[in-house]
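**Student:** Can you read through this structure? Questions will come right after.
The values are calculated or read from the model by the stated rules, or taken from the named source; none is laboratory data. Treat the numbers as computed from the prediction; the structure is a model and nothing was measured. With ideal geometry, Cβ positions are generated from the backbone for all residues, glycine too; neighbour counts draw on all protein chains shown. Each accessible area value is taken on the protein alone, full model and side chains, heavy atoms only, with ligands, DNA and RNA left out. Shrake-Rupley method; radii C 1.70, N 1.55, O 1.52, S 1.80 Å.
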Amino acid sequence: MALGSVLGIQHLPMIRPAMRARQLPGRSLKRAHVRRDTAAMTCAENTSIRHGETLPFGQLLRQWRSLRKRAQLDVALEAGVSQRHLSFLESSRAQPSRDMVLQLAEVLDVPLRERNLWLHAAGFAPMFQQRALQDDDMVAVREALTLTIKHHEPYPAMVVNRQWDMLMSNAPAERFVALLGQPDEVWQRVDESGGRNVMRMTFHPQGMQPRLKNWPQVAALLLNRLHRELAADPTHQALRQLLADVSHFPGVSAPWRSQHWLSSSPPPIFPMEYDLGEHTLKVFSMVSSFGTALDVTADELRVETFFPADEFSRNFFHMLSA
């Protein structure tokens, strides 16, 4: 049920960015913008880097364990160490080996970007590189992405990064965006940063929002997804800023912003109903990622593919590509 689509795509079912934008401006988040109803969000504010300063390894470990709601004994057993040793690591009474840092990060499902910070905090060099998508070493990654979105035609498909900036998209996705106007102008209206953020395209009152017949459902579920993603990666400031911004766009009801969404489960398929005048385009999307990524960029890439939910929508995309 992902969001995003190359401008139009993303905004069809959930609009997301494609594989080519990088980070959003790192504006500091005002307290009034984000509610701290959960331990996850509170932890997020204090973890990893604070004003460019890395916290001690023991503190990082303790905060991430708390975030994942895991008991010391539970983590110790899975990591193959004693609870006493884990306690000593958290209190900085013991120093971890490089292998132990990586083992604990794996047990707590810490993102690769954050694992580098753990290694640094423990006195080791970062292990996971963050290569640009256009880097020579990323040829296989680019080819896989290009092949995937190309083969999905005549339906929209796009590649987005962790904060839903669109990096790549296929022709159907671009054509769909053109339904809102000249693509470059549409993107400029909804995302002045130039990041082509799919979420901003979906939530912006000059983007997809006015065209979505089931907007309340779409907005609530997308906010739900953003809350979950931030809870899973609480130190990602661009993602945090994105959530704060879209939550305060016109047309977003205050109750939808509540983090009680964290305790609810979204439906198995997320349908978006796009108003075409006399007809309604119904689509849903599927999101996939690299299962064995060892590069920060590759680890944070997502491919969102859109599918028609009825016969009319199926024919519409075929005609759009004709």
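**Student:** What's the FRET efficiency of Ser66 with Ser253 using the Cβ-Cβ distance as r and R₀ = 30 Å, to the nearest 0.05?
**Tutor:** Values: r = 31 Å, r/R0 = 1.04.
FRET efficiency, Ser66 to Ser253: 0.45.
**Student:** With every protein chain in place, what's the accessible area of Lys69 (1.4 Å probe, Å², nearest 10)?
**Tutor:** Roll a 1.4 Å probe over it and Lys69 shows about 150 Å².
**Student:** While we're here: Arranged from highest to lowest average of other beta-carbon atoms within 10 Å per residue, in what order do the peptides 283-290, 168-175 appear? If you can, show how the numbers build up before the last one.
**Tutor:** Working: 283-290: 18.5, 168-175: 23.2.
Those peptides, ordered most packed to least, come out 168-175, 283-290.
**Student:** Once you wrap a convex hull around the alpha carbon atoms of region 82-195, what is its projected area averaged over all directions, in nm²? Provide the component values of the computation, followed by the final result.
**Tutor:** On the way: hull surface 42.3 nm².
Over all viewing directions, region 82-195 projects a mean Cα-hull area of 10.6 nm².
**Student:** Suppose the chain between Asn214 and Gln182 were pulled fully straight at 0.36 nm per residue; how much longer would it get relative to their current alpha carbon spacing?
**Tutor:** Values: separation 32, 0.36 × 32 = 11.52 nm, distance 2.47 nm.
Extra length from Asn214 to Gln182 when fully extended: 9.1 nm.
**Student:** Using a 1.4 angstrom probe on the protein heavy atoms only, line up Tyr274, Tyr155 by accessible area, largest first.
**Tutor:** On the way: Tyr274 0, Tyr155 40 Å².
I get Tyr155, Tyr274, largest accessible area first.
**Student:** Now, a different point. Of the heavy-atom accessible surface of region 88-188 (probe 1.4 angstrom), what whole percent is carbon and sulfur? Write out the running numbers ahead of the final one.
**Tutor:** Values: 2280 of 4620 Å².
Within region 88-188, the accessible surface is 49 percent carbon and sulfur.
**Student:** Can you work out the FRET efficiency for the pair Lys150 and His318, with r the C-beta to C-beta distance and R0 = 22 Å, to the nearest 0.05?
**Tutor:** Numbers: r = 16 Å, r/R0 = 0.74.
Once rounded, the FRET efficiency stands at 0.85.
**Student:** Report the FRET efficiency, 1/(1 + (r/R0)^6), for Leu276 and Ala171, where r is their Cβ-Cβ distance and R0 is 22 Å, rounded to 0.05. Don't jump to the answer; show the numbers that get you there.
**Tutor:** Values: r = 19 Å, r/R0 = 0.88.
Rounded to the nearest 0.05, the efficiency is 0.70.
**Student:** Taking amide hydrogens as modeled 1.01 Å from N in the peptide plane, which residues meet the under 5 Å criterion relative to Phe270, leaving out close sequence neighbours?
**Tutor:** The list, which skips near neighbours in sequence, is Ser285.
**Student:** Sorted by accessible area (1.4 Å probe), largest first, how do Glu185, Glu300 line up?
**Tutor:** Details: Glu185 115, Glu300 10 Å².
I get Glu185, Glu300, largest accessible area first.
**Student:** What length, rounded to one decimal in nm, is gained on full extension from Glu311 through to Gln206, with 0.36 nm per residue of separation minus their alpha-carbon distance?
**Tutor:** Values: separation 105, 0.36 × 105 = 37.80 nm, distance 2.83 nm.
Value of the extension gain: 35.0 nm.
**Student:** Please sort 234-242, 309-317 by packing, taking for each peptide the average over its residues of neighbouring beta carbons within 10 angstrom, highest first.
**Tutor:** On the way: 234-242: 22.6, 309-317: 16.1.
Top of the packing list down: 234-242, 309-317.
**Student:** Tell me, in nm to one decimal, what length is gained between Phe290 and Met127 on full extension, where the rule is 0.36 nm per residue of separation less the Cα-Cα distance?
**Tutor:** Working: separation 163, 0.36 × 163 = 58.68 nm, distance 1.82 nm.
Gain in length upon complete extension: 56.9 nm.
**Student:** Near Lys150, which aspartates and glutamates are there with a Cα under 15 Å away, not counting those fewer than 8 places off in the same chain?
**Tutor:** Glu174, Glu304
**Student:** Students often check this: by mean Cβ neighbours within 10 Å, which of 99-112, 122-135, 78-91 ranks highest, and how do the rest follow? Please report the intermediate quantities before stating the final value.
**Tutor:** Working: 99-112: 18.6, 122-135: 14.2, 78-91: 15.8.
So the order, starting with the most tightly packed, is 99-112, 78-91, 122-135.
**Student:** With a 1.4 Å probe and all protein chains kept in place, how much accessible area does His151 have, in Å² rounded to the nearest 10?
**Tutor:** The accessible area of His151 comes to roughly 140 Å².
**Student:** So, in nm, how far is label Leu73 from label Phe88 when the simple model puts each one 7 Å beyond its Cα toward the Cβ?
**Tutor:** 2.0
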